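K.L.:
Have a look at this one.
The values are calculated or read from the model by the stated rules, or taken from the named source; none is laboratory data. Quantities reported herein were computed from a predicted structural model and do not represent experimental measurements. A quick note on method: Cβ atoms are made from the backbone with ideal geometry, for glycine too, and the neighbour counts reach across all protein chains shown.
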Amino acid sequence: MKRQETKNRWKKEQEIYVITEGTYSEYGIKTIFSDLDIAQKAIKKFGGEIEIWKIDDCKDFLDSGNFYLIEMNRKGNIQSIEKWNRWYSIENGDSRPFLNKGKEKITLCVFANDESHAIRIANKKRIRFIAEGKWN
């Protein structure tokens, strides 16, 4: 395979497909695939769920970004925000940083350049949760 073909192939494979099973203390990763079709065959045969994880999803922030834990109400008012200087699970679009959802507030963990960037990200997620009926 030529070098350019290898480079283009890698660009297409920016996600991995993680097969998981269980909840809470019974939750576990069973296996990981680089191909969605193979992951789907695996869950049809053995069960489980597919989680899509992005590869290198926070590499652009490593020099300047941080995790922020944000608590906000349904209207988008910030109740608390805390910068975390340690690793935390990164959501791959929807739910991984979604820690707590109640009728009054949600708690999200987002990776951002600064506080105002974190608030913008959290607000987009809040709006999406409401629009998709995930916060009733």
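K.L.:
May I ask you to list the residues in region 51-65 that are at pLDDT 70 or above and within 13 Å of the chain's Cα centre (by Cα)?
P.N.:
The answer is Glu51, Ile52, Trp53, Lys54, Ile55, Asp56.
K.L.:
Here is a further query. Say we look at region 66-94 and pick out the residues that are surrounded by 15 or more Cβ atoms within 10 Å (Cβ to Cβ) and in a loop (DSSP other than H, G, I, E, B); which of these is modelled with the lowest pLDDT?
P.N.:
Filtering first and then ranking leaves Asn92.
K.L.:
Same structure again: Please go through region 14-45 and give me each residue that is within 23 Å of Asp56 (Cα to Cα) and assigned to a strand (DSSP E or B), ordered by number.
P.N.:
Listed by number, the residues that qualify are Glu15, Ile16, Tyr17, Val18, Ile19, Thr20, Gly28, Ile29, Lys30, Thr31, Ile32, Phe33.
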